[in-house]
Amino acid sequence: MNIGERIRILRQNLNMSMEELANILGKNKATIYRYEKGGINTLPLDILRPLADALQTTPEYLLGWNDEDAVNVGDIAKMLRLKSHMGLEEYSEEIGISVDDLKKYESGERCISRNTMEKMINYSPFKQWSEEFGDTVFNDSEYNKIAEYARFMLYLRKNKGDDSTC
């Protein structure tokens, strides 16, 4: 993969237009187009760091010195979703990305931006629980009551045919 392809993929993964990237860098859209199409073979040093920052990567990655950002993390993304016990639609809504993008990330068809990966890592269906109860340890009786209530909630959900709660 060349530098232009890396720029294009990272920009698209961030849902950023050429014009938006050009504005961030103080360049015009045509310059960004030429970077991505290989029309400019060497990036000026004074643009390399701001470009990497705008694309949430490193200059080393853009130059192809390391492939840290190119690692297919689709399997990790899928594992994070499955650990949350959610389907594609529910999970994509929770982390704020489209179902189509999530499918592409999980299949490895599209690289995941650092920003999106952070959303996936930081999302947890138990976040509210953790914030409220922290490291609280429940005794057996308390745990059994919590489990009983959870089973009851699942029973209601199953019999109502929706995700309603009491």
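Taking residue 1 and the conditions (1) in a loop (DSSP other than H, G, I, E, B); (2) free of Cβ contacts under 8 Å to residues at least 60 places away in the same chain, which numbered condition does it fall short on, given that it satisfies the others?
Unmet for residue 1, out of (1) in a loop (DSSP other than H, G, I, E, B); (2) free of Cβ contacts under 8 Å to residues at least 60 places away in the same chain: (2).
For the range 65-84, indicate whether the set of residues that are within 18 Å of residue 105 (Cα to Cα), assigned to a helix (DSSP H, G or I), β-branched (Val, Ile, Thr) and open to solvent by 70 Å² or more (accessible area, probe 1.4 Å) is non-empty.
Filtering the range 65-84 down to residues within 18 Å of residue 105 (Cα to Cα) leaves 67-84.
Now drop any that are not assigned to a helix (DSSP H, G or I), which leaves 68-70, 74-83.
The next check asks that each one be β-branched (Val, Ile, Thr); those that pass are 76.
After this cut, where a residue has to be open to solvent by 70 Å² or more (accessible area, probe 1.4 Å) as well, the list is 76.
Within the range 65-84, one or more residues are within 18 Å of residue 105 (Cα to Cα), assigned to a helix (DSSP H, G or I), β-branched (Val, Ile, Thr) and open to solvent by 70 Å² or more (accessible area, probe 1.4 Å).
Can you say whether residue 40 is assigned to a loop (DSSP other than H, G, I, E, B), at pLDDT below 80, of a type in the set (A, V, I, L, M) and surrounded by fewer than 17 Cβ atoms within 10 Å (Cβ to Cβ), as far as the supplied structure shows? Walk me through how you get there before you give the answer.
Working: assigned to a loop (DSSP other than H, G, I, E, B): yes; at pLDDT below 80: yes; of a type in the set (A, V, I, L, M): yes; surrounded by fewer than 17 Cβ atoms within 10 Å (Cβ to Cβ): yes.
The answer is yes for residue 40.
Filter the range 20-37 down to residues that are in contact (Cβ under 8 Å) with a residue 12 or more places away in the chain and part of a helix (DSSP H, G or I) and give me whichever is surrounded by the fewest Cβ atoms within 10 Å (Cβ to Cβ). Working first, answer last.
Taking the range 20-37 first, the residues in contact (Cβ under 8 Å) with a residue 12 or more places away in the chain are 21, 24-25, 27, 32-33, 35-37.
Retained after the next criterion (residues that are part of a helix (DSSP H, G or I)): 21, 24-25, 32-33, 35-37.
Numbers: 21: 22, 24: 15, 25: 16, 32: 26, 33: 15, 35: 26, 36: 21, 37: 12.
Across the range 20-37, the extreme among qualifying residues is 37.
Kindly indicate which of 61, 105, 91 is surrounded by 15 or more Cβ atoms within 10 Å (Cβ to Cβ), over 14 Å from the mean Cα position of the chain (by Cα) and either under 30 Å from residue 154 (Cα atoms) or among the hydroxyl-bearing types (Ser, Thr, Tyr) (or both).
Being surrounded by 15 or more Cβ atoms within 10 Å (Cβ to Cβ), over 14 Å from the mean Cα position of the chain (by Cα) and either under 30 Å from residue 154 (Cα atoms) or among the hydroxyl-bearing types (Ser, Thr, Tyr) (or both) holds for just one of 61, 105, 91, which is 61.
The values are calculated or read from the model by the stated rules, or taken from the named source; none is laboratory data. In this text, all values refer to a predicted model and were calculated from it rather than measured experimentally. With ideal geometry, Cβ positions are generated from the backbone for all residues, glycine too; neighbour counts draw on all protein chains shown. Side chains are part of the model used for accessible areas, which takes the heavy atoms of the whole protein and leaves out ligands, DNA and RNA. Shrake-Rupley method; radii C 1.70, N 1.55, O 1.52, S 1.80 Å.
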